[in-house]
Amino acid sequence: MNKHNIFMFSGQGSQYYQMGKELYEQHKQFRYWMDHCNEMVSPLIKTSLIDVLYQGKGKSDPFDNILYTTPALLCIQYSMFNVLEEMDIQPDFLMGYSIGELNAAVVSGAICLEDGIRLAFNIGKLTNEKTKPANMLAIMGSKSIITDFPDVFLNCWLTAENFSDNFVVSALPNTIKDLHEILKKKNIMSQILPVNYGFHTELIDPIEEDFKKLVKNIHISPTRIPVISSLKEGIVRELDGDYLWKAIRYPVNFEQTVKRIEQTGDYIFIDVGPSGTLSTFVKYILSPNSFSISIQTINQFGRDLSAIEKLKTCLYQQHQL
């Protein structure tokens, strides 16, 4: 029996300069869709998103300007989705992580691309104008660390549970900087993510009313591809403002979502995001006897064209093509 495909869309923190550059330069369809998206983004950001991504800055430079990053993630993942679809690699389900839920909504057909790009930009604009700066720290360890060292995490929010030994906390910038140093001294690995705002915490509450007004003015259609909720049990029935708000306001429990999916059968989890992070998370979550697999499409180490060929080969072996 063929396994169902689940396309996964990542959120803030998975972006970097030069993401998808090899595909943009050498893959005709990817370039077409990125240029198509750029025509809609450029009037909003007052510059070319293509230039922002591929001119000047290197992968090691932090790509953290939210006015650019939120629409950029949508454009990259929408373009990658179309590349896969044109290769006859079709999703049976979609799943978003954080702001990746908006990407899933666009790909599902619930929100048109132009409205999705405008909403992505306006989320960044509102967040930049109306919320306090904050940072996110990915911690490589069990979340029991929080209870082991409660004083260290006193002013932090748990914002994501990725797998058993990987979670994310948010706090004001100085708190995250201090926590990073404290954990280093305790030989606990952590990484400050390129995110400058407190998504999934009360720090973004000041934009709730404006956010819901923006969504209310968008025409939302029924999804043509089922969307798996990372917030609640099962399939999302209604992608409205309340749901999309909760996707960026409340903590992400990615581990719980994947485990819930795994209980229903065997799947191929395809990471459409630019970093391959979600694919890695899934590998750590799946049980040792699972017949499900996870595959990435793009990552920050390059060789994106060979990654796509590897994906095709893998799917052929799984009797998908």
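The values are calculated or read from the model by the stated rules, or taken from the named source; none is laboratory data. A quick note: this is a predicted structure, and the numbers were derived from the prediction, not measured. Methodologically, a virtual Cβ is constructed for each residue, glycine included, from the backbone with ideal geometry; neighbour enumeration extends over all protein chains shown. All accessible areas refer to the heavy atoms of the entire protein, side chains included, with ligands and DNA or RNA removed. Shrake-Rupley method; radii C 1.70, N 1.55, O 1.52, S 1.80 Å.
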When the residues of the range 99-115 are filtered to those that are over 17 Å from Ser14 (Cβ atoms) and not acidic (Asp, Glu), which remaining residue is most open to solvent (accessible area, probe 1.4 Å)?
-> Cys112
Keeping to the range 117-161, report how many residues are assigned to a loop (DSSP other than H, G, I, E, B) and within 30 Å of Asn217 (Cα to Cα).
-> 3
Top-ranked residue in the range 189-225 [being in contact with a strand residue (DSSP E or B) (Cβ under 7 Å, 6 or more places away or on another chain) and of a type in the set (Val, Ile, Thr); ranked as nearest to Ser10 (Cα to Cα)] = Val195
Cβ pairs under 8 Å, 6+ apart, first in the range 214-238 and at positive phi, second open to solvent by less than 100 Å² (accessible area, probe 1.4 Å) | Gly234/Ile228
What are the residues in the range 162-184 that are assigned to a strand (DSSP E or B) and either in contact with a strand residue (DSSP E or B) (Cβ under 6 Å, 6 or more places away or on another chain) or free of Cβ contacts under 8 Å to residues at least 12 places away in the same chain (or both), if any?
-> Phe167, Val168, Val169, Ser170
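Residue-wise test of (1) open to solvent by 20 Å² or more (accessible area, probe 1.4 Å); (2) modelled with pLDDT of 85 or more; (3) outside any helix (DSSP H, G or I); (4) aliphatic (A, V, I, L, M).
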position: Val282; (1), (2), (3), (4): no, yes, no, yes
position: Asn289; (1), (2), (3), (4): yes, yes, yes, no
position: Phe301; (1), (2), (3), (4): yes, no, yes, no
position: Ile308; (1), (2), (3), (4): no, yes, no, yes
position: Leu321; (1), (2), (3), (4): yes, no, yes, yes
Hey, Phe121 hits all of (1) open to solvent by less than 10 Å² (accessible area, probe 1.4 Å); (2) within 17 Å of the chain's Cα centre (by Cα) but one; which does it fall short on?
-> (1)
Is at least one residue of the range 225-233 farther than 30 Å from Gly58 by Cα, outside any loop (DSSP other than H, G, I, E, B) and open to solvent by 10 Å² or more (accessible area, probe 1.4 Å)?
-> yes
Picking from Lys259, Lys246, which residue would you name as being in contact (Cβ under 8 Å) with a residue 12 or more places away in the chain, within 24 Å of Lys125 (Cβ to Cβ), open to solvent by 80 Å² or more (accessible area, probe 1.4 Å) and assigned to a helix (DSSP H, G or I)?
-> Lys246
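Go through the range 125-140 and count every residue that is in contact (Cβ under 8 Å) with a residue 12 or more places away in the chain and either of a type in the set (Phe, Trp, Tyr) or over 13 Å from His180 (Cβ atoms) (or both).
9
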Out of Ser60, Ser48, Ser42, sole residue that is of a type outside the set (A, V, I, L, M, F, W, C) and either open to solvent by 50 Å² or more (accessible area, probe 1.4 Å) or under 19 Å from the mean Cα position of the chain (by Cα) (or both) = Ser60
Note: among Gln55, Gln15, just one is open to solvent by 30 Å² or more (accessible area, probe 1.4 Å) and not small (Gly, Ala, Ser), namely Gln55
Selection count where residues are closer than 20 Å to Glu86 by Cβ and among the charged types (D, E, K, R), scope the range 22-58 | 6
Top-ranked residue in the range 206-224 [being over 27 Å from Asn128 (Cβ atoms) and either modelled with pLDDT of 95 or more or of a type in the set (S, T, N, Q) (or both); ranked as surrounded by the fewest Cβ atoms within 10 Å (Cβ to Cβ)] = Ser221
Verdict on Val236 being of a type outside the set (D, E, K, R), open to solvent by less than 10 Å² (accessible area, probe 1.4 Å) and over 19 Å from the mean Cα position of the chain (by Cα) | no
